[in-house]
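One structure is given below, encoded as structure tokens.
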Amino acid sequence: MLDVRKIRLTLELRNWGITDPDVLSVIEKIPREIFISKNFRHQAYENIALPIDREQTISQPYIVALMTQSLDLNKKHKVLEIGTGSGYQTSALSFLSRRVYTIERIKSLLVGAENIFKKLKLTNIVTKHGDGNLGWPEQNPFDRIIFTAATEDITEKFFDCLKDKGVIVAPIIRGSKQILKKFIKINNKIEIEKLSDVLFVPNLTGMKD
Ligand code: SAH
């Protein structure tokens, strides 16, 4: 469906530096309104973060696009996502990779996201209710890892379960700020790039219903 709001959004993302045509086309393809509660649906194609249930947020489309573009995905990649939330970012990953393993600590959010994946017929997403900080050891190694909640640091364990030339994108807490960073593993060394200042909900340990 040709939707003026979607076209306006992708134009804005292009102006903000999202140049990967596959990422832009995925943003255009995914119906963001179905991830959002009725009260906010009219703002679905505005370039802003919006509240979802359980005091969490669906990320700003620009940040989802930036994180997705920074992951340099291809259809051979196995991706780990920590923090499913609404499932919007997960859906973008699903279109551009082979398989996405996504972990959410709040059960009710995960169930909501799973229902949407079914509705959108996204069959390459595997979900888990759990604490993402524990990783998904049975599925190691991964080509790409994305954190969608702000974390103090990326522990050694996550670099160990990343393949060579693998990439991790994560919002990292630095004092009162958060910085989106890209970590690239090359020959067991880690290169770090700063991408943007960001504002994510915090990564918390443990699980909830
Ligand atoms: N990109 C998501 C945004 C999710 S908000 C979207 O587009 O909707 C971040 C999510 O991470 C929240 O749902 C929160 O519950 C979850 N989260 C926080 N810490 C976590 C952890 N340790 N393990 C798994 N999920 C976590």
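Out of all the residues in segment 79-119, which are touching a Ser or Thr at 6+ places or on another chain (Cβ under 9 Å), hydroxyl-bearing (S, T, Y) and within 10 Å of the ligand (Cβ to nearest atom)? If the condition is that a residue be touching a Ser or Thr at 6+ places or on another chain (Cβ under 9 Å), hydroxyl-bearing (S, T, Y) and within 10 Å of the ligand (Cβ to nearest atom), then T84, S86, Y88, T90, T102 are the ones that fit. Is it the case, given these coordinates, that K157 is assigned to a loop (DSSP other than H, G, I, E, B), surrounded by fewer than 21 Cβ atoms within 10 Å (Cβ to Cβ), out of contact with any strand residue (DSSP E or B) (no Cβ under 9 Å at 6 or more places or on another chain) and at pLDDT 95 or above? It is false that K157 is assigned to a loop (DSSP other than H, G, I, E, B), surrounded by fewer than 21 Cβ atoms within 10 Å (Cβ to Cβ), out of contact with any strand residue (DSSP E or B) (no Cβ under 9 Å at 6 or more places or on another chain) and at pLDDT 95 or above.
Of the residues making up segment 6-29, those that are over 14 Å from L96 (Cα atoms) and not in a helix (DSSP H, G or I) are W16, G17, I18, T19. Screening R54 against (1) basic (K, R); (2) within 14 Å of the ligand (Cβ to nearest atom); (3) farther than 22 Å from A170 by Cα leaves a single unmet condition, (3). Residues that are open to solvent by less than 80 Å² (accessible area, probe 1.4 Å), out of contact with any Pro (no Cβ under 8 Å at 6 or more places or on another chain) and within 11 Å of the ligand (Cβ to nearest atom) were ranked within segment 192-209; the one that is farthest from I173 (Cα to Cα) is G206. Candidates K185, K181, K76, K165: the one that is at pLDDT 95 or above, assigned to a loop (DSSP other than H, G, I, E, B), more than 23 Å from K208 (Cα to Cα) and more than 15 Å from the ligand (Cβ to nearest atom) is K76. Output yes when any residue across segment 9-25 is among the polar types (S, T, N, Q) and touching a Lys or Arg at 6+ places or on another chain (Cβ under 8 Å), and no when none is. So far as segment 9-25 goes, no, none of its residues is among the polar types (S, T, N, Q) and touching a Lys or Arg at 6+ places or on another chain (Cβ under 8 Å). Please pick out the residue among K177, K189, K181 that is more than 19 Å from T84 (Cβ to Cβ), of a type in the set (D, E, K, R) and crowded, with 17+ Cβ neighbours inside 10 Å. The unique qualifying residue is K181.
The values are calculated or read from the model by the stated rules, or taken from the named source; none is laboratory data. Owing to the predicted nature of the structure, the values given are computational and were not obtained by experimental measurement. Because the Cβ atoms are built from the backbone with ideal geometry, glycine has one as well, and the counts that use them run over all protein chains shown. Quick note on the areas: whole protein, heavy atoms, side chains included, nothing else; ligands and nucleic acids left out. Shrake-Rupley method; radii C 1.70, N 1.55, O 1.52, S 1.80 Å.
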